[in-house]
Amino acid sequence: MSCSTLPERAEGALRERLARIRYVFTDMDGTMLRSSCVLMGDDGAPSLDLVSMLLRLRAAGVEIIPCSGRNRAMLHEDTRVLGLNSFIGEMGGILALDDRAGRWEYFTADMAYDPACGLTPHEVIERTGICEEFGRRWPGLLEYHNDMANGYKYREVTIGLRGEVPDEEAREILSRSGLALDWSDNGFLNYISAPTTLKLPGGVRGRAFNIQPGGLNKGRAIERFCKLRGIDTAETMALGDSRSDFSMASAVEVFLLVENGLENPGAREFLAGADNAFVARGSSVTGWVHTMETMLEAQSAV
């Protein structure tokens, strides 16, 4: 199944669309960053390509908005260090509209949640007992994703997990929880940080997962974010590498999947069915930078 690759120089209608972009929603790990490092290229060698591009984008008036599974603590520091301000965290569950001003809100989509209960959405989910049920069902194959800052307890909306389990069985457990919950695949693991209890079979790479409010995804979060910020979606672009990023395509003008994202099951079918989706020229950092170069070139004549 063929996929459209973003050209080095866009022409026609695509060029016009790229020329309008002022807001870029981007996944981080595996998309904007390799091994969570801003000074590393796609090949693992030291590189200033990403930092240089961020400076060019800032000068051009293009706002970069991380849209990630990372939690608030991580994204607050990420955006501060990178000179950014807004972000979408926990797969869409936290909308930081103006981080420096402390303007933010929880977004739980189809899951009923009353802030007056005194609990975070994460704590509401945890009280159903499904975390313990998952642990009993798949010992050694599933654990909390403990490299999300200082541990899973620091998450506010979603439950971060890692390992390898059958998706349909996981969804069946969630269906009995009493809450509207979804099981989200957040992509293959590049490494498994210590400490870990995982004992995955040989050759099994493992994935990152999220238990999250039903209907919550990055696409719906972007729609909510744009509405609250008054952003015209015709001025938006998104980039990602995992299946959980596919939902962003319907919420923005142009979507890019970095080349390593083609490893995901269903990636080519998704690209074929989304007329605004393209494959970047390169994996993770390389693809991200090349995409921005094409966009800025389209804007240079405006």
For the stretch 118-128, give me each residue that is touching a residue at least 12 places away in the same chain (Cβ under 8 Å) and not in a helix (DSSP H, G or I).
Thr120, Thr128
Filter pass, Pro139 being of a type outside the set (Phe, Trp, Tyr) and over 13 Å from Phe209 (Cα atoms):
yes
Out of Leu75, Leu57, sole residue that is touching a Phe, Trp or Tyr at 6+ places or on another chain (Cβ under 6 Å) and not in a loop (DSSP other than H, G, I, E, B)
Leu75
Let me confirm something: among Ser47, Ser86, Ser68, which residue is hydroxyl-bearing (Ser, Thr, Tyr), modelled with pLDDT under 95 and closer than 22 Å to Thr291 by Cα?
Ser68
Within the stretch 169-212, track down each residue that is part of a helix (DSSP H, G or I) and touching a residue at least 12 places away in the same chain (Cβ under 8 Å).
Glu169, Ala170, Arg171, Ile173, Leu174
Considering only the stretch 207-234, state which residues are out of contact with any Phe, Trp or Tyr (no Cβ under 7 Å at 6 or more places or on another chain) and small (Gly, Ala, Ser).
Ala208, Gly214, Gly215, Gly219, Gly230, Ala234
Within the stretch 56-69, the residues that are more than 20 Å from Asn260 (Cα to Cα) and either free of Cβ contacts under 8 Å to residues at least 60 places away in the same chain or surrounded by 19 or more Cβ atoms within 10 Å (Cβ to Cβ) (or both) are Arg58, Ala59, Gly61, Val62, Glu63, Ile64, Ile65
Identify, from the list Ala272, Ala249, the residue that is assigned to a helix (DSSP H, G or I), at pLDDT below 95 and not aromatic (Phe, Trp, Tyr).
Ala272
Scanning the stretch 213-244 residue by residue, those at negative phi and in a loop (DSSP other than H, G, I, E, B) turn out to be Gly214, Leu216, Asn217, Ile231, Asp232, Asp241, Ser242
When every residue in the stretch 89-119 that is under 24 Å from Ser193 (Cβ atoms) and modelled with pLDDT under 95 is compared, the one farthest from the chain's Cα centre (by Cα) is Glu90
Under 8 Å by Cβ, and 6 or more places apart or on different chains, what pairs join a residue from the stretch 28-55 that is closer than 13 Å to Asn260 by Cα and in contact (Cβ under 8 Å) with a residue 12 or more places away in the chain with one that is aromatic (Phe, Trp, Tyr) and buried (at least 20 other Cβ atoms within 10 Å of the Cβ)?
Thr31/Trp288; Met32/Trp288
Could you please give the count of residues in the stretch 3-29 that are of a type in the set (Val, Ile, Thr), in contact with a Phe, Trp or Tyr (Cβ under 8 Å, 6 or more places away or on another chain) and over 17 Å from Val81 (Cα atoms)?
1
Could you tell me which numbered condition Gly266 fails, if it satisfies all but one of (1) surrounded by 22 or more Cβ atoms within 10 Å (Cβ to Cβ); (2) without any contact (Cβ under 8 Å) to a residue 24 or more places away in the chain; (3) not hydroxyl-bearing (Ser, Thr, Tyr)?
(1)
Filter result for Ala277 (small (Gly, Ala, Ser), in contact with a strand residue (DSSP E or B) (Cβ under 9 Å, 6 or more places away or on another chain), modelled with pLDDT of 95 or more and under 23 Å from Asp182 (Cα atoms))
no
Can you find a residue in the stretch 222-237 that is surrounded by fewer than 19 Cβ atoms within 10 Å (Cβ to Cβ), within 19 Å of Thr291 (Cα to Cα) and hydroxyl-bearing (Ser, Thr, Tyr)?
yes
Does Gly206 satisfy being on the phi > 0 side of the Ramachandran plot and surrounded by 14 or more Cβ atoms within 10 Å (Cβ to Cβ)?
yes
For the stretch 82-117: of the residues being touching a residue at least 40 places away in the same chain (Cβ under 8 Å) and in a helix (DSSP H, G or I), which is surrounded by the fewest Cβ atoms within 10 Å (Cβ to Cβ)?
Leu82
From the list Met53, Met32, Met74, exactly one residue is farther than 17 Å from Phe87 by Cα, buried (at least 20 other Cβ atoms within 10 Å of the Cβ) and not hydroxyl-bearing (Ser, Thr, Tyr). Which is it?
Met53
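The values are calculated or read from the model by the stated rules, or taken from the named source; none is laboratory data. Being a predicted model, the structure only gives us computed values, none of them experimental. We place every Cβ from the backbone using ideal geometry, glycine too, and count neighbours over all the protein chains shown.
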